[in-house]
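Notes follow once the structure below has been shown.
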Amino acid sequence: MNGFGSNLALALYLIGIIAFLFNGGQNLIMLVISLELLLLSVGILLVNLSYNFDDLVGSNLTLLILPLAGCESAVALALLVAFYPLRGSILLS
């Protein structure tokens, strides 16, 4: 098995988890970016495993995950645009 794709996905996943947990719910943009990073790392891992096992299921599943991640990001940023005039900042505290 190719270790580079798995290691890259693991590193991105850990960075996303650390950014999500240690943000403390303070910055909404950081939360959205860390969620995007988590979904991207899962997509990279699925494509890598699909390539290693010579199966298209992982690639097809990635084609479903990535647009959903983009929609999640668009909805979160739209909520952020609506949230900012009410509070005057993007901090949750």
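In region 18-37, the residues that are open to solvent by less than 50 Å² (accessible area, probe 1.4 Å) reach residues that are part of a loop (DSSP other than H, G, I, E, B) and among the β-branched types (V, I, T) with C-beta atoms within less than 6 angstrom, at least six apart or across chains, in these pairs: L28/I90.
Among the criteria (1) in a helix (DSSP H, G or I); (2) loosely packed, with under 15 Cβ neighbours inside 10 Å; (3) at pLDDT below 90; (4) over 16 Å from the mean Cα position of the chain (by Cα), the one G5 does not fulfil is (2). Selection of region 22-38 for residues being out of contact with any Ser or Thr (no Cβ under 9 Å at 6 or more places or on another chain) and assigned to a helix (DSSP H, G or I) yields F22, L28, I29, M30, L31, S34, L37, L38. The set of residues in region 40-93 being on the phi > 0 side of the Ramachandran plot and either at pLDDT 90 or above or open to solvent by 60 Å² or more (accessible area, probe 1.4 Å) (or both) consists of D54 alone.
The values are calculated or read from the model by the stated rules, or taken from the named source; none is laboratory data. Predicted, not measured: the structure shown is a model, and the values here were computed from it. Cβ sites come from the backbone with ideal geometry, for glycine too, and all protein chains shown count toward neighbours. Each accessible area value is taken on the protein alone, full model and side chains, heavy atoms only, with ligands, DNA and RNA left out. Shrake-Rupley method; radii C 1.70, N 1.55, O 1.52, S 1.80 Å.
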